[in-house]
1. Ile124 - would you say it is surrounded by fewer than 18 Cβ atoms within 10 Å (Cβ to Cβ) and closer than 17 Å to Ile26 by Cβ?
2. In region 127-160, how many are modelled with pLDDT of 95 or more and in contact with a Ser or Thr (Cβ under 6 Å, 6 or more places away or on another chain)?
3. For residues that are closer than 17 Å to Leu162 by Cβ and within 16 Å of the chain's Cα centre (by Cα), tally how many sit in region 22-51.
4. Which is at pLDDT below 85 and open to solvent by less than 30 Å² (accessible area, probe 1.4 Å), of Val41, Val57, Val83, Val64?
5. Regarding Ser173, is this residue modelled with pLDDT of 95 or more, of a type in the set (S, T, N, Q) and either open to solvent by less than 80 Å² (accessible area, probe 1.4 Å) or not in a helix (DSSP H, G or I) (or both)?
6. Go through (1) open to solvent by 20 Å² or more (accessible area, probe 1.4 Å); (2) in contact (Cβ under 8 Å) with a residue 60 or more places away in the chain one by one and return the number of the condition Ala134 breaks.
Amino acid sequence: MEKRLFRRSFDDGWLDVLVGLGLTGIGVCWLAGAIALTAVVPAVLFPFWKIGREALVEPRLGRVRFSEARTEETRRSLTGWLVLGASVLVAEAAVVFTLGNVASPAMTGVSDVAVAIPVGLIGIGLLAGLLVGARRFIAYSVLAFTVAVAGILGGVEDPAWLILAVGGIVLGSGLVMLFRFLAAE
């Protein structure tokens, strides 16, 4: 019963809205050339998780307190995702640094693929939604990889457009879920 309740407690769309806003904000920062600010976007949005939960979700569903075992399992999973995320970030930095220092004509195809690396990494990160039982994040992840491939095939030159596409779709989906949740009252 607790497992089902845990899974359903994130079906309101608020998580999707914040993730979509975050990705959209990251895309806008990247497009504006302020790539360093992309690291600030999640930190700015983080406090809105609690604000939105308390203002929109909890008045309709109530506040659930999960068992210590569930809380500990979630903590362990978050730590694992943090380690994976840090590893992926280091790998991405190494690839970008390496590609930036290689000016060989033979590397042209590799640089065409490099445009999709950020959104591909976002696709991996979106799987973190599984931590809260939000299986729809598998679809978001598949979407991110699809957008990455489409970006490569379409010759997109700026990863910002790919990030904006994924962020816009996740945001739109989250808004639909949230409006349905609020209307079901």
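The values are calculated or read from the model by the stated rules, or taken from the named source; none is laboratory data. Computed from a prediction, not measured in an experiment: that's the story for all the values here. Methodologically, a virtual Cβ is constructed for each residue, glycine included, from the backbone with ideal geometry; neighbour enumeration extends over all protein chains shown. Just so you know, the surface numbers come from the protein's heavy atoms only, side chains and all, with ligands and any DNA or RNA stripped out. Shrake-Rupley method; radii C 1.70, N 1.55, O 1.52, S 1.80 Å.
1. On the way: surrounded by fewer than 18 Cβ atoms within 10 Å (Cβ to Cβ): yes; closer than 17 Å to Ile26 by Cβ: yes.
Yes, satisfied.
2. 0
3. Residues of region 22-51 that are closer than 17 Å to Leu162 by Cβ, as a first pass: 22-33, 35, 38, 41.
Checking which are within 16 Å of the chain's Cα centre (by Cα) leaves us with 22-30, 38, 41.
Counting residues in region 22-51 that are closer than 17 Å to Leu162 by Cβ and within 16 Å of the chain's Cα centre (by Cα) gives 11.
4. Working: Val41 fails: at pLDDT below 85; Val83 fails: open to solvent by less than 30 Å² (accessible area, probe 1.4 Å); Val64 fails: open to solvent by less than 30 Å² (accessible area, probe 1.4 Å).
Step by step, each of Val41, Val57, Val83, Val64 is checked, and only Val57 is at pLDDT below 85 and open to solvent by less than 30 Å² (accessible area, probe 1.4 Å).
5. Working: modelled with pLDDT of 95 or more: yes; of a type in the set (S, T, N, Q): yes; either open to solvent by less than 80 Å² (accessible area, probe 1.4 Å) or not in a helix (DSSP H, G or I) (or both): yes.
So Ser173 passes the test.
6. Single failed check for Ala134: (1).
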